[in-house]
Amino acid sequence: MSTQNIVTPSAEGIAASIRAAKGRGLPPVHKWNPPFCGDLDMRIARDGTWFYQGTPIGRPALVRLFSTILKLEDGKYYLVTPVEKVGITVEDAPFVAVDFTVADAGTGQVLSFQTNVGDTADAGKEHPIRVVRDPETGEPSPYVMIRAGLDALIDRKSFYRLVEIGAHHEVDGTQWFGLWSGGVFFPMIPSAELPD
C-alpha cells in the first residue's frame with residue numbers, strides 16, 4: 001500500500017510558484033485551472049488589509065504579488081497558480097479604490113481609479129461602477145470593477161469627491177443621480193431620494 005505526501009498550501013509556497021511563473025503584466029489566471037488544494041488562512045479585510053494566519057501582511061510587494069493571482073469563481077475567491085488553487089476569505093471586495101482622476105467633462109468624462117494594490121481602471125462598459133445600499137440604513141457602498149469580476153470598494157473620501165461631480169440623467173423613465181464615465185451613465189440613487 002502506497003502513501004501519498006499531502007502538501008498543505010502555504011503563502012510562501014504560492015508566492016514562490018508565482019514568482020517562478022511570472023512574466024510581464026498580470027498572470028493569465030483566467031487560463032489556469034489547477035486542482036483545488038484547500039483553503040488558506042488568508043483574509044482580505046473590508047479596508048483592503050491582507051492578513052495571513054491572523055497577522056497583517058506588511059510587505060506591499062507581497063500583497064501586490066498575491067493580488068495578481070486572485071480569481072473569482074462561483075462567488076468564491078481563490079489564489080491561483082499554474083499548479084494549485086487555494087481558497088481565501090474576502091470580507092467585502094478584494095480591492096479598495098483609494099483615488100481617482102477625472103478627464104474631460106459631461107458625457108465624455110472618464111474616471112480613472114487607482115487601487116490599494118496598484119491597479120488602475122477607467123470606469124466604463126468594461127469597468128462598471130455600482131452602488132449597493134444597505135437595506136436597513138440606506139448607507140451606500142460604491143464599487144468599481146477592476147478586472148475579471150474583481151471589484152474595488154471606493155473609499156469614503158473618493159466617494160465624496162464623486163458625489164461632487166455627479167449628474168442627473170433619466171434612466172428607464174426615472175430621473176437618477178449618478179456618474180458619467182467612458183460614455184456610460186452609472187446610476188447611484190434616484191434623484192427623488194436625494195436629501196434636500
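The values are calculated or read from the model by the stated rules, or taken from the named source; none is laboratory data. All values derive from a computational prediction rather than experimental measurement. We place every Cβ from the backbone using ideal geometry, glycine too, and count neighbours over all the protein chains shown. Only protein heavy atoms, including side chains, enter the accessible area calculation; ligands, DNA and RNA are left aside. Shrake-Rupley method; radii C 1.70, N 1.55, O 1.52, S 1.80 Å.
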* If you plug each phi of segment 27-42 into the Karplus form 6.51 cos²θ - 1.76 cosθ + 1.60 with θ = phi - 60°, what whole-Hz ³J(HN,Hα) values come out, in order, with x for Gly and Pro? -> x, x, 4, 5, 9, 8, 9, x, x, 6, 10, x, 8, 10, 6, 10
* Dipole magnitude of the chain about its Cα centre, charges +1 at Lys/Arg Cβ and -1 at Asp/Glu Cβ only, in debye to the nearest 20? -> 1000
* Structure fact -> Between residue 30 and residue 125, the two model label points (7 Å from Cα along the beta-carbon direction) sit apart by a distance in nm of 1.5
* **Solvent-accessible area per residue for the chain (1.4 angstrom probe, square angstrom)** => 56
* On the protein heavy atoms, probe 1.4 angstrom, tell me the percent of accessible surface of segment 129-194 carried by carbon and sulfur. => 54
* Report ³J(HN,Hα) in whole Hz for each residue of segment 67-83, in order, from the Karplus equation J = 6.51 cos²θ - 1.76 cosθ + 1.60 where θ = phi - 60°; Gly and Pro get x. => 5, 6, 10, 7, 9, 10, 9, 6, x, 10, 9, 9, 9, 10, 10, x, 10
* **Cα-Cα separations in the chain greater than 27 Å, expressed as whole percent** => 38
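List the trypsin sites (Lys or Arg not before Pro) within segment 46-109 that fall in a DSSP loop (any state other than H, G, I, E or B) and whose Cβ has at most 16 other Cβ atoms within 10 Å.
46
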* J(HN,Hα) series, segment 89-100, from Karplus relation 6.51 cos²θ - 1.76 cosθ + 1.60, nearest Hz, glycine and proline x -> 9, 10, 5, 9, 10, x, 10, 10, 7, 9, 6, 7
* Structure fact -> With +1 at each Lys and Arg Cβ and -1 at each Asp and Glu Cβ, the charge dipole magnitude of segment 85-196 around its Cα centre, to the nearest 20 debye, comes out at 320
* Structure fact -> Rounded to the nearest 0.05, FRET efficiency between residue 168 and residue 45 (Cβ-Cβ, R0 45 Å) equals 0.80
